Amino acid sequence: MRIPFISKYSHSPFGDLLEHAEKVKECAWKFQQAVECHFSRECETFAILRQEVIDLENEADVIKRRIRGHLPKGSALKVDKFQLFHYLREQDRVLDSVQDALEWLAYRSDAGMPETVEKEFFLLVDAVIAPIEELSVMVGAARDYFSKPSEKQRKAVKETIQNLRRQEHEADTAEDMVKGKVFRLDADPVAVFHLVRLSEIIGSIADHAENAGDMMRAMMAR
C-alpha cells in the first residue's frame, strides 16, 4: 500500500487548504451582503463590503503562496502536486468570480432590480453560497482522510463531493430561471445584457466549487 504523500512531510498542505477554504467562505458571505446591499435603496455600504471582499481575497492569496511554498521541491510524487495545485486553482477561482461579479455590479451602481426578477435572482445568489460552504467541509474531511486513511473518512469526503455536484446543479437551475425571466423583460437592452451577464458570472462561482470537488475526487482516486 502506498503511503499518502502528505504523511511523509511534517507539514500537511491540507491544513492550509482548509484555511484557504474558510477564507473563501468568508468572501462568499461578504459577497452575499454586498449584492443585497447593491439592490437595496437603503444600503450605502456596497463600496465598503466590496473592499472587504478584496481584503479577504488578498489574505487568501497569502495562504495560497504559503501552500505553494511549503510543498517539497524535487519530489518524485509530481502527480499529487499537480492535482493539488489544480485543486487550489479552482478553489481560488471561486474568489475570482466573486470579485468579477462585484466589479460587474459596480459598472451600473444606480441600477435597480426589476421586481419580476428579484425573487429568482436572490435564489441564485443563495444557491451559489451553499457549495462554497461545502468546500470547507470537504477539505476538512480530506485532511482527516489523508492524515489517517480509513474507509469511513473516504466515504465522508465522497459524500461532500456529491453534495457539491447537487448544489452546483441547483445553482445552474436558478441561473436558467433568472435568464428566462430577464429575456422576457420589457426593458432597456443594456439592462437586460447586464443582468444576464451578471447571472452568468454568479453562476460560475458554483461551477468552480464543483470543479474543486472533481479535483478532490481525482486525488482520492489515487
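Readers should treat all values here as calculations from the given coordinates under stated rules, not as data from a laboratory. The shown structure was predicted, so the numbers you read here are calculated from the model rather than taken from an experiment. Using ideal geometry, Cβ is built from the backbone for each residue, glycine included, and neighbour counts are taken over all protein chains shown.
Please give the FRET efficiency for ASP55 paired with ASP176, using the beta carbon to beta carbon distance and R0 = 22 Å, rounded to the nearest 0.05.
So, using R0 = 22 Å, E works out to roughly 0.10.
Please give the charge dipole size of region 83-219, origin at the Cα centre, charges +1 on K and R Cβ atoms and -1 on D and E Cβ atoms. Round to the nearest 20 debye.
Roughly 720 debye, rounded to the nearest 20.
Hey, what angle do you get for helix 151-182 against the long axis of the chain, alpha-carbon based, 0 to 90 degrees rounded to 10?
Value to nearest ten degrees: 20.
At a 10 angstrom cut-off on C-beta neighbours, averaged per residue, how do the peptides 165-176, 207-218 rank from highest to lowest?
Per-residue mean Cβ counts within 10 Å order the peptides as 207-218, 165-176.
Which Cys residues of the chain have no other Cys Cβ less than 4.7 Å away and so no disulfide-compatible partner by this rule?
Lone cysteines by the Cβ rule: CYS27.
Hey, what angle do you get for helix 46-70 against the long axis of the chain, alpha-carbon based, 0 to 90 degrees rounded to 10?
20 degrees
Assuming R0 = 30 Å, can you tell me the calculated FRET efficiency for the pair ARG68 and LYS155, based on Cβ-Cβ distance, to the nearest 0.05?
With a Förster radius of 30 Å, E is 0.50.
What is region 82-156 by shape, rounded, prolate or oblate, if you read a ≥ b ≥ c off the alpha carbon gyration tensor as root eigenvalues and call it rounded for a/c under 1.5, prolate for a/b larger than b/c, and oblate otherwise?
Taking the square roots of the gyration eigenvalues as a ≥ b ≥ c, region 82-156 is oblate.
Compute the Cα gyration tensor for the chain, then decide on rounded, prolate or oblate, letting a ≥ b ≥ c be the square roots of its eigenvalues: rounded whenever a/c is under 1.5, prolate when a/b is larger than b/c in the other cases, and oblate in all that remain.
Taking the square roots of the gyration eigenvalues as a ≥ b ≥ c, the chain is prolate.
Can you tell which of VAL24, HIS208, ALA141 lies farthest toward the positive end of the dipole of the chain, using +1 and -1 charges on the Cβ of basic and acidic side chains (Lys, Arg; Asp, Glu)?
The residue sitting farthest along the positive end of the dipole is ALA141.
Output the peptides 20-31, 147-158, 98-109 sorted from most to least packed, where packing is the average of other Cβ atoms within 10 Å over each peptide's residues.
Listed from highest to lowest mean packing, they are 20-31, 98-109, 147-158.
Please give the net charge around LYS179, taking every other residue with its beta carbon less than 14 angstrom from that of LYS179, where Lys and Arg add +1 and Asp and Glu add -1.
Net charge around LYS179: -2.
Let me know the number of lysine pairs in region 12-116 closer than 16 Å at the Cα, not counting same-chain pairs under 8 apart.
Number of lysine pairs found: 4.
What's the angle, to the nearest 10 degrees (0 to 90), between helix 78-107's Cα axis and the longest principal axis of the chain?
Rounded to the nearest ten degrees, it is 20.
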